[in-house]
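The values are calculated or read from the model by the stated rules, or taken from the named source; none is laboratory data. Just so we're clear, the structure is a prediction, and the values are computed from it rather than from any experiment. All Cβ positions, glycine included, derive from the backbone under ideal geometry; neighbour counts span all protein chains shown.
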Amino acid sequence: MIKIFISYSHVDDNYRNELQKHLTCLQHQGIVETWHDRRIISGEKWADRIDDELRQADIILLLISSDFISSRYCYELEMTEALARHNRKEAVVVPIILRPCHWTGLPFGQLQAATKDGKPVEKYLSLDDAFLEIIQNIETVAKHLTAKIPSTATSSFKSISIPTSVPSKPELPRSSNLAIPKAFSDHDKDTFITKAFDYMARFFEGSLQELKIRNPGTNTNFQKVDSRSFESIIYINGKQASKCGIWLGDFLGSKGSSSIMYSSSGLGQGNSFNESMSIKDNGNILGLESMGMSHLHRTEKILTNEGAAEYYWTMFFEPVKRQY
(Lines give C-alpha, C1' and ligand atoms only; values in the text may rest on other atoms or scores of the structure.)
Protein backbone atom coordinates (compact mmCIF):
# COMPACT_ATOMS: atom_id res chain seq x y z
CA MET A 1 0.00 0.00 0.00
CA ILE A 2 1.30 3.46 -0.90
CA LYS A 3 2.12 5.67 2.09
CA ILE A 4 1.14 9.33 1.88
CA PHE A 5 2.62 12.05 4.11
CA ILE A 6 0.71 15.34 4.33
CA SER A 7 2.82 18.43 5.06
CA TYR A 8 0.79 21.53 5.91
CA SER A 9 0.53 24.60 8.10
CA HIS A 10 -1.88 24.25 11.02
CA VAL A 11 -3.53 27.46 9.79
CA ASP A 12 -4.77 25.30 6.90
CA ASP A 13 -6.03 22.48 9.13
CA ASN A 14 -9.55 22.80 7.70
CA TYR A 15 -8.29 22.24 4.17
CA ARG A 16 -6.30 19.25 5.36
CA ASN A 17 -9.48 17.82 6.90
CA GLU A 18 -11.28 18.22 3.57
CA LEU A 19 -8.43 16.55 1.70
CA GLN A 20 -8.43 13.69 4.22
CA LYS A 21 -12.14 13.07 3.68
CA HIS A 22 -11.65 12.86 -0.07
CA LEU A 23 -8.64 10.55 0.32
CA THR A 24 -10.87 8.09 2.17
CA CYS A 25 -12.11 6.65 -1.14
CA LEU A 26 -8.53 5.58 -1.98
CA GLN A 27 -8.07 4.17 1.52
CA HIS A 28 -11.24 2.08 1.17
CA GLN A 29 -9.80 0.59 -2.03
CA GLY A 30 -6.54 -0.29 -0.30
CA ILE A 31 -4.56 2.00 -2.59
CA VAL A 32 -3.10 4.38 -0.01
CA GLU A 33 -2.67 4.98 3.68
CA THR A 34 -2.15 8.51 4.96
CA TRP A 35 -0.30 10.17 7.79
CA HIS A 36 -0.17 13.71 9.17
CA ASP A 37 0.99 15.17 12.46
CA ARG A 38 -2.48 15.10 14.05
CA ARG A 39 -1.93 11.35 14.39
CA ILE A 40 0.92 11.75 16.86
CA ILE A 41 -0.13 10.25 20.17
CA SER A 42 0.67 11.37 23.70
CA GLY A 43 4.17 10.52 24.85
CA GLU A 44 5.72 10.34 21.39
CA LYS A 45 8.60 12.61 20.41
CA TRP A 46 6.77 14.53 17.74
CA ALA A 47 9.84 15.68 15.79
CA ASP A 48 11.23 12.12 15.61
CA ARG A 49 7.87 10.71 14.56
CA ILE A 50 7.44 13.31 11.82
CA ASP A 51 10.95 12.61 10.53
CA ASP A 52 10.32 8.86 10.48
CA GLU A 53 7.00 9.15 8.65
CA LEU A 54 8.41 11.65 6.17
CA ARG A 55 11.35 9.38 5.33
CA GLN A 56 9.11 6.36 4.81
CA ALA A 57 6.46 8.06 2.66
CA ASP A 58 6.00 7.15 -0.98
CA ILE A 59 4.02 10.29 -1.83
CA ILE A 60 4.52 13.59 -0.01
CA LEU A 61 1.76 16.15 -0.37
CA LEU A 62 2.74 19.79 0.23
CA LEU A 63 -0.34 21.89 1.04
CA ILE A 64 0.89 25.25 -0.19
CA SER A 65 -0.26 28.62 1.10
CA SER A 66 1.42 31.78 2.33
CA ASP A 67 1.30 30.26 5.82
CA PHE A 68 3.09 27.10 4.63
CA ILE A 69 5.78 29.19 2.96
CA SER A 70 6.27 31.36 6.05
CA SER A 71 6.42 28.36 8.40
CA ARG A 72 10.02 27.52 9.22
CA TYR A 73 9.17 23.90 10.06
CA CYS A 74 7.08 23.31 6.93
CA TYR A 75 9.32 25.14 4.50
CA GLU A 76 12.86 24.66 5.79
CA LEU A 77 12.55 21.19 7.32
CA GLU A 78 9.69 19.15 5.85
CA MET A 79 9.88 20.62 2.34
CA THR A 80 13.67 20.36 2.20
CA GLU A 81 13.64 16.69 3.19
CA ALA A 82 10.71 15.99 0.84
CA LEU A 83 12.49 17.48 -2.17
CA ALA A 84 15.72 15.68 -1.30
CA ARG A 85 13.88 12.35 -1.34
CA HIS A 86 12.09 13.34 -4.56
CA ASN A 87 15.41 14.14 -6.26
CA ARG A 88 16.81 10.78 -5.14
CA LYS A 89 13.69 9.12 -6.61
CA GLU A 90 12.76 7.71 -3.23
CA ALA A 91 9.38 9.46 -3.17
CA VAL A 92 7.13 11.67 -5.27
CA VAL A 93 6.39 15.21 -4.08
CA VAL A 94 3.06 16.68 -5.16
CA PRO A 95 2.30 20.36 -4.41
CA ILE A 96 -1.36 21.20 -3.72
CA ILE A 97 -1.92 24.96 -3.95
CA LEU A 98 -4.57 25.85 -1.38
CA ARG A 99 -4.64 29.61 -1.54
CA PRO A 100 -3.19 32.15 -3.99
CA CYS A 101 0.47 32.83 -3.26
CA HIS A 102 3.69 33.39 -5.21
CA TRP A 103 5.08 29.85 -5.31
CA THR A 104 6.37 29.19 -8.83
CA GLY A 105 9.86 30.54 -8.11
CA LEU A 106 10.32 28.37 -5.02
CA PRO A 107 12.20 25.02 -5.02
CA PHE A 108 9.01 23.02 -5.64
CA GLY A 109 7.82 25.46 -8.31
CA GLN A 110 8.94 23.24 -11.19
CA LEU A 111 6.97 20.22 -9.98
CA GLN A 112 3.59 19.30 -11.46
CA ALA A 113 0.91 20.51 -9.06
CA ALA A 114 -2.16 18.42 -8.24
CA THR A 115 -4.46 20.88 -10.03
CA LYS A 116 -4.26 22.09 -13.62
CA ASP A 117 -1.80 24.97 -13.94
CA GLY A 118 -1.50 25.03 -10.16
CA LYS A 119 -4.94 26.55 -9.73
CA PRO A 120 -5.54 27.26 -6.02
CA VAL A 121 -8.22 25.19 -4.30
CA GLU A 122 -9.82 28.44 -3.15
CA LYS A 123 -10.36 29.49 -6.79
CA TYR A 124 -12.59 26.52 -7.71
CA LEU A 125 -16.35 26.87 -7.77
CA SER A 126 -16.57 24.44 -4.87
CA LEU A 127 -14.15 22.54 -2.65
CA ASP A 128 -15.60 19.27 -3.95
CA ASP A 129 -14.63 20.24 -7.51
CA ALA A 130 -11.09 21.05 -6.41
CA PHE A 131 -10.49 17.96 -4.30
CA LEU A 132 -12.05 15.63 -6.89
CA GLU A 133 -9.40 16.73 -9.41
CA ILE A 134 -6.69 16.46 -6.76
CA ILE A 135 -7.69 12.94 -5.66
CA GLN A 136 -7.85 11.73 -9.26
CA ASN A 137 -4.28 12.91 -9.83
CA ILE A 138 -3.06 11.42 -6.56
CA GLU A 139 -4.69 8.12 -7.52
CA THR A 140 -2.82 8.17 -10.84
CA VAL A 141 0.51 8.70 -9.07
CA ALA A 142 -0.25 6.02 -6.46
CA LYS A 143 -1.19 3.42 -9.07
CA HIS A 144 1.91 4.26 -11.10
CA LEU A 145 4.08 3.68 -8.03
CA THR A 146 2.22 0.50 -7.12
CA ALA A 147 2.95 -0.90 -10.56
CA LYS A 148 6.66 -0.42 -9.87
CA ILE A 149 6.65 -2.34 -6.60
CA PRO A 150 7.66 -6.01 -6.95
CA SER A 151 5.53 -8.35 -4.89
CA THR A 152 8.59 -9.46 -2.90
CA ALA A 153 9.85 -5.97 -2.14
CA THR A 154 8.60 -3.17 0.02
CA SER A 155 9.23 -0.54 -2.66
CA SER A 156 11.37 -0.26 -5.76
CA PHE A 157 11.99 3.43 -5.21
CA LYS A 158 13.16 3.26 -1.58
CA SER A 159 16.91 2.85 -1.47
CA ILE A 160 17.27 2.37 2.29
CA SER A 161 15.29 1.18 5.24
CA ILE A 162 14.79 3.95 7.77
CA PRO A 163 14.68 2.84 11.41
CA THR A 164 11.71 4.14 13.33
CA SER A 165 11.59 5.49 16.85
CA VAL A 166 8.03 4.25 17.30
CA PRO A 167 7.85 1.59 20.05
CA SER A 168 8.22 -1.99 18.83
CA LYS A 169 4.67 -2.76 19.91
CA PRO A 170 2.58 -2.79 16.70
CA GLU A 171 0.50 0.31 16.21
CA LEU A 172 -3.21 -0.37 16.41
CA PRO A 173 -5.15 0.25 13.21
CA ARG A 174 -7.36 3.30 13.29
CA SER A 175 -9.41 5.56 11.07
CA SER A 176 -8.06 8.73 9.53
CA ASN A 177 -11.54 10.20 9.76
CA LEU A 178 -11.09 11.65 13.23
CA ALA A 179 -11.86 15.31 12.65
CA ILE A 180 -14.38 16.65 15.14
CA PRO A 181 -16.77 19.18 13.57
CA LYS A 182 -15.66 22.73 14.23
CA ALA A 183 -18.09 25.20 15.82
CA PHE A 184 -18.10 28.56 14.05
CA SER A 185 -18.96 31.65 16.07
CA ASP A 186 -21.16 34.52 14.93
CA HIS A 187 -17.97 36.52 14.50
CA ASP A 188 -16.50 33.83 12.22
CA LYS A 189 -19.65 33.83 10.08
CA ASP A 190 -19.95 37.62 9.90
CA THR A 191 -16.28 37.94 8.95
CA PHE A 192 -16.62 35.21 6.32
CA ILE A 193 -19.67 36.64 4.57
CA THR A 194 -18.27 40.18 4.62
CA LYS A 195 -15.10 38.95 2.91
CA ALA A 196 -17.18 36.92 0.46
CA PHE A 197 -19.17 40.03 -0.45
CA ASP A 198 -16.00 42.12 -0.86
CA TYR A 199 -14.57 39.45 -3.17
CA MET A 200 -17.79 39.38 -5.20
CA ALA A 201 -17.71 43.16 -5.65
CA ARG A 202 -14.11 43.02 -6.92
CA PHE A 203 -15.01 40.04 -9.16
CA PHE A 204 -17.87 41.98 -10.82
CA GLU A 205 -15.80 45.15 -11.21
CA GLY A 206 -12.92 43.24 -12.81
CA SER A 207 -15.23 41.21 -15.08
CA LEU A 208 -17.03 44.33 -16.30
CA GLN A 209 -13.74 46.04 -17.11
CA GLU A 210 -12.52 43.04 -19.10
CA LEU A 211 -15.87 42.65 -20.87
CA LYS A 212 -15.67 46.23 -22.13
CA ILE A 213 -12.08 45.77 -23.36
CA ARG A 214 -12.83 42.58 -25.25
CA ASN A 215 -16.11 43.63 -26.90
CA PRO A 216 -16.33 46.83 -28.99
CA GLY A 217 -19.73 48.44 -28.70
CA THR A 218 -20.09 47.26 -25.14
CA ASN A 219 -20.12 49.66 -22.21
CA THR A 220 -20.40 48.85 -18.54
CA ASN A 221 -21.06 50.59 -15.27
CA PHE A 222 -20.03 49.45 -11.83
CA GLN A 223 -21.05 51.44 -8.79
CA LYS A 224 -20.28 50.43 -5.24
CA VAL A 225 -22.92 52.36 -3.35
CA ASP A 226 -21.43 51.60 0.06
CA SER A 227 -19.49 48.87 1.84
CA ARG A 228 -22.55 46.61 1.77
CA SER A 229 -23.99 47.02 -1.74
CA PHE A 230 -23.11 47.53 -5.39
CA GLU A 231 -24.86 47.77 -8.76
CA SER A 232 -23.71 46.61 -12.20
CA ILE A 233 -25.00 47.40 -15.71
CA ILE A 234 -24.05 46.19 -19.20
CA TYR A 235 -24.93 48.25 -22.29
CA ILE A 236 -24.86 46.89 -25.84
CA ASN A 237 -24.62 49.66 -28.45
CA GLY A 238 -25.88 52.11 -25.86
CA LYS A 239 -28.90 50.06 -24.81
CA GLN A 240 -29.11 48.51 -21.37
CA ALA A 241 -28.78 44.74 -21.75
CA SER A 242 -28.56 43.64 -18.12
CA LYS A 243 -28.62 45.11 -14.65
CA CYS A 244 -28.25 43.76 -11.14
CA GLY A 245 -27.92 44.86 -7.57
CA ILE A 246 -26.10 42.81 -4.94
CA TRP A 247 -26.06 43.53 -1.23
CA LEU A 248 -25.55 42.11 2.22
CA GLY A 249 -28.81 41.49 4.01
CA ASP A 250 -31.23 38.96 5.41
CA PHE A 251 -34.11 37.21 3.65
CA LEU A 252 -36.47 40.13 4.31
CA GLY A 253 -34.15 42.61 2.67
CA SER A 254 -33.24 44.54 5.81
CA LYS A 255 -29.59 45.22 6.52
CA GLY A 256 -27.80 42.32 8.13
CA SER A 257 -25.01 39.87 7.46
CA SER A 258 -26.75 36.51 7.08
CA SER A 259 -26.79 36.40 3.28
CA ILE A 260 -25.78 37.97 -0.03
CA MET A 261 -28.84 39.04 -2.01
CA TYR A 262 -29.24 39.44 -5.80
CA SER A 263 -31.84 41.47 -7.70
CA SER A 264 -32.06 41.68 -11.50
CA SER A 265 -33.73 45.11 -11.21
CA GLY A 266 -30.88 46.72 -9.31
CA LEU A 267 -30.70 47.78 -5.71
CA GLY A 268 -33.99 49.67 -5.52
CA GLN A 269 -35.17 49.74 -1.94
CA GLY A 270 -33.61 46.37 -1.15
CA ASN A 271 -37.00 44.79 -0.49
CA SER A 272 -37.16 42.29 -3.38
CA PHE A 273 -34.64 39.84 -4.76
CA ASN A 274 -34.28 37.01 -7.28
CA GLU A 275 -31.72 34.91 -5.45
CA SER A 276 -29.92 34.68 -2.14
CA MET A 277 -26.67 33.09 -0.95
CA SER A 278 -26.50 32.02 2.68
CA ILE A 279 -23.66 30.67 4.81
CA LYS A 280 -23.21 26.90 4.72
CA ASP A 281 -21.20 25.07 7.38
CA ASN A 282 -20.00 21.54 6.57
CA GLY A 283 -18.32 21.05 9.93
CA ASN A 284 -14.84 22.03 8.72
CA ILE A 285 -15.13 25.01 6.41
CA LEU A 286 -17.60 27.82 5.81
CA GLY A 287 -18.95 28.31 2.30
CA LEU A 288 -22.00 29.67 0.50
CA GLU A 289 -25.14 27.96 -0.75
CA SER A 290 -27.80 29.34 -3.07
CA MET A 291 -31.51 29.17 -2.30
CA GLY A 292 -32.17 27.98 -5.85
CA MET A 293 -34.68 30.68 -6.72
CA SER A 294 -33.15 31.37 -10.14
CA HIS A 295 -33.37 29.27 -13.30
CA LEU A 296 -29.87 27.99 -12.47
CA HIS A 297 -31.47 25.87 -9.73
CA ARG A 298 -30.03 25.25 -6.34
CA THR A 299 -26.59 23.73 -6.12
CA GLU A 300 -26.00 21.21 -3.36
CA LYS A 301 -22.31 22.02 -3.32
CA ILE A 302 -20.75 24.42 -0.87
CA LEU A 303 -19.52 27.27 -3.04
CA THR A 304 -16.22 29.06 -2.56
CA ASN A 305 -16.06 32.85 -2.92
CA GLU A 306 -15.10 32.29 -6.56
CA GLY A 307 -17.96 29.87 -7.09
CA ALA A 308 -20.55 32.17 -5.53
CA ALA A 309 -19.35 35.15 -7.58
CA GLU A 310 -19.42 33.07 -10.79
CA TYR A 311 -22.95 31.87 -9.96
CA TYR A 312 -24.25 35.44 -9.68
CA TRP A 313 -22.24 36.57 -12.73
CA THR A 314 -23.87 33.81 -14.80
CA MET A 315 -27.31 35.09 -13.76
CA PHE A 316 -26.28 38.64 -14.63
CA PHE A 317 -24.68 37.76 -17.97
CA GLU A 318 -27.42 35.45 -19.26
CA PRO A 319 -29.61 38.28 -20.71
CA VAL A 320 -26.58 39.58 -22.62
CA LYS A 321 -25.89 36.19 -24.21
CA ARG A 322 -29.53 35.87 -25.31
CA GLN A 323 -29.14 38.97 -27.48
CA TYR A 324 -26.66 37.19 -29.76
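For the range 215-234, the candidate set comprises residues that are modelled with pLDDT of 95 or more and hydrophobic (A, V, I, L, M, F, W, C); within that set, the residue that is surrounded by the fewest Cβ atoms within 10 Å (Cβ to Cβ) is Phe222.
Considering (1) crowded, with 19+ Cβ neighbours inside 10 Å; (2) in contact (Cβ under 8 Å) with a residue 40 or more places away in the chain, the lone condition that Ile31 does not fulfil carries the number (1).
For the range 235-247, a residue qualifies if it is in a strand (DSSP E or B) and either in contact with a Gly (Cβ under 7 Å, 6 or more places away or on another chain) or buried (at least 23 other Cβ atoms within 10 Å of the Cβ) (or both), and the qualifying residues are Ile236, Lys243, Cys244, Gly245, Ile246, Trp247. Residues in the range 311-324 that are part of a helix (DSSP H, G or I) and over 12 Å from Met277 (Cβ atoms): Trp313, Thr314, Phe316, Phe317, Glu318, Pro319, Val320, Lys321. For the range 56-74, a residue qualifies if it is in contact with a helix residue (DSSP H, G or I) (Cβ under 8 Å, 6 or more places away or on another chain) and either of a type in the set (Val, Ile, Thr) or modelled with pLDDT under 90 (or both), and the qualifying residues are Ile59, Ile60, Ile69. In the range 71-89, is there at least one residue being under 16 Å from the mean Cα position of the chain (by Cα), closer than 27 Å to Cys25 by Cβ and surrounded by 16 or more Cβ atoms within 10 Å (Cβ to Cβ)? Scanning the range 71-89, I find no residue that is under 16 Å from the mean Cα position of the chain (by Cα), closer than 27 Å to Cys25 by Cβ and surrounded by 16 or more Cβ atoms within 10 Å (Cβ to Cβ), so the answer is no. Taken over the range 83-131, the criterion of being part of a helix (DSSP H, G or I) and closer than 25 Å to Asn284 by Cβ is satisfied by Lys116, Gly118, Val121, Glu122, Lys123, Leu127, Asp128, Asp129, Ala130, Phe131.
When you look at Lys212, is it part of a helix (DSSP H, G or I), assigned by TED's automatic domain parsing to the domain that holds Met315, under 22 Å from Glu310 (Cβ atoms) and more than 25 Å from the chain's Cα centre (by Cα), yes or no? So Lys212 passes the test.
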